[in-house]
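A.B. asks: The structure that follows is given in the form of structure tokens.
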Amino acid sequence: MRKVIGIGETILDILFRNHQPCRAVPGGSTFNCLISLGRSGIPALFISELGNDRIGARIKAFMEENNLSTDYVHFFDRGQSPVAMAFLDENRDAEYAFYTNFPEKRLDVAFPVIRENDLLIFGSYFAVNPALRGKVRELLHYAQEQKAIIYYDVNFRRAHAGERLQLMDAFFENFRYATIVRCSGEDMGVLFPGRTLAQIREDSLFGYCENLIITQGTGDILLQTSSFRKNYPVEAVTPVSTIGAGDNFNAGLAYGLLKNEVSFHDLATLPENKWDKLIASAMDFAKRACLSMDNYIG
């Protein structure tokens, strides 16, 4: 049976509304995606790191409750599980502040077995962080050798914009490894300042990735493959919270890839009607996440 492997950060998200804490939920970009897949009955494994503390124990229990394996999580003793403060504005969008205390030795775990047509999901600052880059590159190389589908969610935010130039080699290496790249218009604005989306699609990205998806919040979703381009309008909803919307878009697309039996080799020539199904699945998951205070689907 095909499975999904994710690698990324695991964080306790403390949500604030009107400057008051209103909810605390386990989070992290790839983490949110894999929790939704676990809830959907998809075999899912997660490579990550947490402290041996109360937050780490609670998140471990939460993963197990939601069918997400903890076998590849590094539980460290020197340091603490990370925490993020998410401040919701009037549009239910979040501004983050992160609090971390990691040990010197990071991500000290073995990798799971990856087979052809498995799906590897990675992204966010975790994917380009110099402290973790060697381990991430090792996993990407292994997945590529096995002909797994590699899904890269750029998810690069303004908090790290000052590191953009130092990290560009890692970004472009990720683009080359990826079978599918998903990014937001905001990501592209931070990564390629002063350039339009059209210029980015033509000059900066498409030579490195043959399947590119750009999401724009309530704006159209832009799909570009080696054979066609298409815009998908997004259904208007009144969100409870937009935290996890992009992560669940990723989950829905991953769910569609497995349920529609799309293989690694299929993606090179996947027809428009198959992509329509994948994007519809992705939008459905994202919509459901927006209608909840959780970071994942119900």
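A.B. asks: How large is the helix-only mean residue ellipticity at 222 nm for the chain, computed as the sum of -39500 (n - 2.57) over DSSP H runs with n ≥ 4, divided by its residue count, in deg cm²/dmol to the nearest 500?
C.D. replies: -9500 deg cm²/dmol
A.B. asks: Which shape class applies to segment 1-105: rounded if a/c is under 1.5, otherwise prolate when a/b exceeds b/c and oblate if not, where a ≥ b ≥ c are the square roots of the Cα gyration tensor eigenvalues?
C.D. replies: Oblate shape, in that a/c is at least 1.5 and b/c is the bigger or equal ratio.
A.B. asks: So, by mean Cβ neighbours within 10 angstrom, what's the order for 253-265, 55-67, 25-37 with the highest one leading?
C.D. replies: Ranked from most to least packed, the peptides come out as 25-37, 253-265, 55-67.
A.B. asks: If you average the sequence gap of Cα pairs under 8 Å that are 6 or more apart and divide by the length of segment 4-290, what percent do you get for the contact order?
C.D. replies: After rounding, I find 15 percent.
A.B. asks: Report the local net charge at residue 229: Lys and Arg +1, Asp and Glu -1, summed over other residues whose C-beta lies under 14 Å from its C-beta.
C.D. replies: Net charge around residue 229: -3.
A.B. asks: Indicate the gyration tensor shape class of segment 131-253 (rounded, prolate or oblate), computed on the Cα atoms with a ≥ b ≥ c the square roots of the eigenvalues: a/c under 1.5 is rounded; otherwise a/b larger than b/c is prolate and the rest oblate.
C.D. replies: rounded
A.B. asks: Across segment 4-290, how many lysine pairs, 8 or more positions apart or on different chains, have C-alpha atoms separated by under 18 Å? Please give the number.
C.D. replies: Final tally of qualifying lysine pairs is 6.
A.B. asks: How many angstrom lie between the Cα centre of segment 110-148 and the Cα centre of segment 259-282?
C.D. replies: 22 Å
A.B. asks: Can you check what the net charge comes to around residue 214, using other residues whose Cβ is under 14 Å from the Cβ of residue 214 (Lys, Arg +1; Asp, Glu -1)?
C.D. replies: 0
A.B. asks: Further question on the same structure: Starting from the Cα gyration tensor of the chain, take the square roots of the eigenvalues, sort them a ≥ b ≥ c, and report rounded, prolate or oblate (rounded when a/c is under 1.5, otherwise prolate if a/b is larger than b/c, else oblate). Numbers along the way, then the final one.
C.D. replies: Details: a/c = 1.33, a/b = 1.18, b/c = 1.12.
In terms of gyration-tensor shape, rounded.
A.B. asks: Take the chain, connect every pair of alpha-carbon atoms lying under 10 Å apart with a spring to form a Gaussian network, then pick out the residue of 248, 231, 18 with the largest mean-square fluctuation.
C.D. replies: 18
Every number here is computed from the coordinates shown, using simple stated rules; none is lab data. Everything numeric here is computed off the predicted structure, so don't read it as measured data. Cβ: placed from backbone, ideal geometry, glycine included. Neighbour counts: every protein chain shown.
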